[in-house]
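Asks: Mind having a look at this structure? Questions to follow.
No value in this document is a laboratory result; all are computed from the given coordinates. Keep in mind the model is a prediction, meaning the values are calculated, not measured. Cβ placement follows ideal geometry from the backbone for every residue including glycine, while neighbour counts extend to all protein chains displayed.
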Amino acid sequence: MRRDLRVQFVHGLESSPQGVKAQLLAEHFDARTPEMNTRDFEGSIAAQTRALEAFDPHVIVGSSYGGAILVAMIQRGVWRGPTLLIAQAALRRGLPAALPEEQDIWLVHGSRDDIIGVEDSRVLARAGTPGRVRLIEIDDVHACHTTVEDGRLVAWVAELGALAEGAGD
């Protein structure tokens, strides 16, 4: 894959920098998964913002709680680049269903997610710019394990990386 593609991964509550998704991204890209205290939402945003400024990623991926952190960063204008949200928890954290115009944001959500219903991602996807926001519903549970196992996670990140290149990043 693209070892020169810088990817920042924002993990969920049940994960860590040593988790399956973080390790998979590190195998294929120049990936970083910053440590954060998941009991402190604002502290998590600050930790991810510091990492973003130091690392300058091409793509950021956020999973569940990490998706909520990433949506907050997007809504605050901290991040404007290509984004992949996996089973995002933004609405559950009380964030508004709002996305900026003209930002490439892909949302992946399992149709059998019994922790955060897929409707949350449907609502958030409708808030973005048509043609720039893509909702990908998959037959999976909250952790979206099949995307790791079958290579789709890596492929989506590579596709988003190509969009970043096309934008001149």
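Asks: Classify the range 91-133 as rounded, prolate or oblate, taking a ≥ b ≥ c as the square roots of the eigenvalues of its Cα gyration tensor: rounded when a/c is under 1.5, otherwise prolate if a/b is larger than b/c and oblate if not.
Replies: Oblate, since a/c reaches 1.5 and b/c is not below a/b.
Asks: While we're here: How long is the gain from Ala54 to Glu119 if the chain were fully straight, where each residue apart is worth 0.36 nm and the alpha carbon distance is subtracted?
Replies: 20.0 nm
Asks: Okay, moving on. Express in nm, to one decimal, how much length is gained between Arg76 and Arg126 on full extension, taking 0.36 nm for each residue of separation and deducting their alpha carbon distance.
Replies: 16.1 nm
Asks: Please name which of Val20, Ala164, Gly77 has its Cα lying farthest along the dipole of the range 6-166 towards the positive end, using unit charges on Cβ (Lys, Arg +1; Asp, Glu -1) and the Cα centre as origin.
Replies: Going by the charge dipole, the pick is Gly77.
Asks: Treat the range 11-169 as a sphere of radius equal to its Kirkwood radius over Cα pairs and apply Stokes-Einstein at 4 °C in a medium of 1.567 mPa s; give the translational diffusion coefficient in µm²/s, rounded to a whole number.
Replies: Result for D is 84 µm²/s.
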